[in-house]
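**Student:** Here you go, one structure.
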Amino acid sequence: MAVPKRKQSKSRSRSRCTHDVEKVKSITQCQNCSSPLNTHQVCHTCGFYKGVKVMATKADRSVKRGQALQVKQARANGAQQEQVAPAS
């Protein structure tokens, strides 16, 4: 096994490890809702990226789910009314 001949100085070892430091991330504001977000990322609050809607947010999905439930209930009520109408 290789053994170093001399002690490595602090400056030499520290200069070798300079790239290991965690870099500070730049934070910008969303163009649509002004919430803070990382650069080149989709906004999680509104789903916009560079002014274009690219992702459905949780609120959008809940609204869509509610509309689907209303349609389903309307169909069920309509089917029940049709079954009752011929019988009378």
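The values are calculated or read from the model by the stated rules, or taken from the named source; none is laboratory data. Since this is a predicted model, take the numbers as computed values, not measurements. We place every Cβ from the backbone using ideal geometry, glycine too, and count neighbours over all the protein chains shown.
**Student:** Of everything in the stretch 41-59, what is hydrophobic (A, V, I, L, M, F, W, C), under 16 Å from Ile27 (Cβ atoms) and not in a loop (DSSP other than H, G, I, E, B)? Give them in sequence order. Working first, answer last.
**Tutor:** Filtering the stretch 41-59 down to residues hydrophobic (A, V, I, L, M, F, W, C) leaves 42-43, 46, 48, 52, 54-56, 59.
Checking the rest, the ones that are also under 16 Å from Ile27 (Cβ atoms) come to 42-43.
Scanning the stretch 41-59 gives no hits.
**Student:** Separate question: Got a number for residues in the stretch 15-53 being of a type in the set (Val, Ile, Thr) and in contact with a strand residue (DSSP E or B) (Cβ under 7 Å, 6 or more places away or on another chain)? Steps first, answer last, please.
**Tutor:** Of all residues in the stretch 15-53, those of a type in the set (Val, Ile, Thr) come to 18, 21, 24, 27-28, 39, 42, 45, 52.
From what is left, the residues that are in contact with a strand residue (DSSP E or B) (Cβ under 7 Å, 6 or more places away or on another chain) are 27-28, 39, 42.
Of the residues in that region, 4 qualify.
**Student:** Evaluate the following for Val21: is it of a type in the set (A, V, I, L, M, F, W, C) and exposed (fewer than 10 other Cβ atoms within 10 Å of the Cβ)?
**Tutor:** On the way: of a type in the set (A, V, I, L, M, F, W, C): yes; exposed (fewer than 10 other Cβ atoms within 10 Å of the Cβ): yes.
Yes, satisfied.
**Student:** Out of (1) of a type outside the set (Ser, Thr, Tyr); (2) in contact (Cβ under 8 Å) with a residue 12 or more places away in the chain; (3) surrounded by fewer than 10 Cβ atoms within 10 Å (Cβ to Cβ), what's the single condition that is false for Val3?
**Tutor:** That leaves (2) as the condition not met.
**Student:** Kindly provide the set of residues from the stretch 28-61 that are aliphatic (A, V, I, L, M) and touching a Leu at 6+ places or on another chain (Cβ under 9 Å), ordered by number. Spell out how you get there, then give the answer.
**Tutor:** Filtering the stretch 28-61 for residues aliphatic (A, V, I, L, M) gives 37, 42, 52, 54-56, 59.
Those that are aliphatic (A, V, I, L, M) and touching a Leu at 6+ places or on another chain (Cβ under 9 Å): none in the stretch 28-61.
**Student:** On to the next question. Mind listing whichever residues of the stretch 39-61 are at pLDDT 90 or above, surrounded by 10 or more Cβ atoms within 10 Å (Cβ to Cβ) and of a type in the set (S, T, N, Q)?
**Tutor:** Gln41
**Student:** Failed condition for Arg12, given (1) in contact with a strand residue (DSSP E or B) (Cβ under 8 Å, 6 or more places away or on another chain); (2) without any contact (Cβ under 8 Å) to a residue 12 or more places away in the chain; (3) of a type in the set (D, E, K, R), with all others met?
**Tutor:** (1)
**Student:** Within the stretch 1-33, which residues are hydroxyl-bearing (Ser, Thr, Tyr) and assigned to a helix (DSSP H, G or I)? Write out each step before concluding.
**Tutor:** First, pick out the residues of the stretch 1-33 that are hydroxyl-bearing (Ser, Thr, Tyr): 9, 11, 13, 15, 18, 26, 28.
Within the stretch 1-33, Ser11, Ser13, Ser15, Thr18 meet the criteria.
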